[in-house]
Amino acid sequence: MSEEEKVSKKEDKKDELDEIAKEEERVTVEGLSGSAKDLFKKGLKLYKKKRLEEACPLFEKAYNLEKKNPDYMSYHGLTTALRWGKIGLGIELCTRAIKIEAFDARYYVNLGTVYMHAENKRGAITVCKKGLRFDPDNYDLHEILILVGVRKRQVIPFLKRSNFLNKILGTFFRRTLPEYFRTAPPKKNPADEKDIDVGL
């Protein structure tokens, strides 16, 4: 292979990389235009696909357009904490969203996820238990509690967990009355995965 061919291939490769960069920039700029609702929906789709780098600016732009919307606030806080590590901002925004609309379990899931990312198990447990008061069958809240490792109550609370009687009775009751001592979270509803009703 001659020198000219090598130089020509390098230039072709550089041109190809420049085209790819321009295309990515164009897509990013296109993604940041539109109404706050459209930006939020695009961001939500990207977030579900675990593409945080692309979802984060969309949520941020939607939040900047409508700062009082709890959906935009919560998801902007979540992705900012997960992507950029700004835990304080993430906790603040998710908490403010809960204060605006306390009955929506998604906001508790987002805040619990931020606490888990910050390795604050106690905060994640507290938030998830509060969220379960409003939506006891929420799969994601149960999933966070399982990941954190919440233990069930002892059968006889005044005895130690390691006591032989507590172990035997706990095993017996959990096998004979599984609904009373539910250990698995509720099954995820396939309809929930298709689209989240953002209430807009």
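The values are calculated or read from the model by the stated rules, or taken from the named source; none is laboratory data. Every value quoted in this text rests on a predicted model; they were computed, and no experiment measured them. Every residue, glycine among them, receives a Cβ derived from its backbone with ideal geometry; neighbour counts consider all protein chains shown.
Residues checked against (1) under 25 Å from residue 135 (Cα atoms); (2) out of contact with any Leu (no Cβ under 9 Å at 6 or more places or on another chain); (3) touching a residue at least 40 places away in the same chain (Cβ under 8 Å):
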| site | (1), (2), (3) |
| --- | --- |
| 51 | no, yes, no |
| 57 | no, no, no |
| 74 | yes, no, no |
| 82 | yes, no, no |
| 95 | yes, no, no |
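Kindly indicate whether any position in region 108-121 is acidic (Asp, Glu) and in a helix (DSSP H, G or I).
Filtering region 108-121 for residues acidic (Asp, Glu) gives 119.
Applying the additional criterion that residues be in a helix (DSSP H, G or I) yields none.
Checked against the condition, which is being acidic (Asp, Glu) and in a helix (DSSP H, G or I), region 108-121 yields no hits at all.
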Name every residue in region 106-158 that is surrounded by fewer than 20 Cβ atoms within 10 Å (Cβ to Cβ), within 21 Å of residue 87 (Cβ to Cβ) and among the β-branched types (Val, Ile, Thr), in order of residue number. 125, 126, 148
Scan 182, 151, 133, 106 and give me the residue that is at pLDDT 85 or above and over 23 Å from residue 42 (Cβ atoms). 133
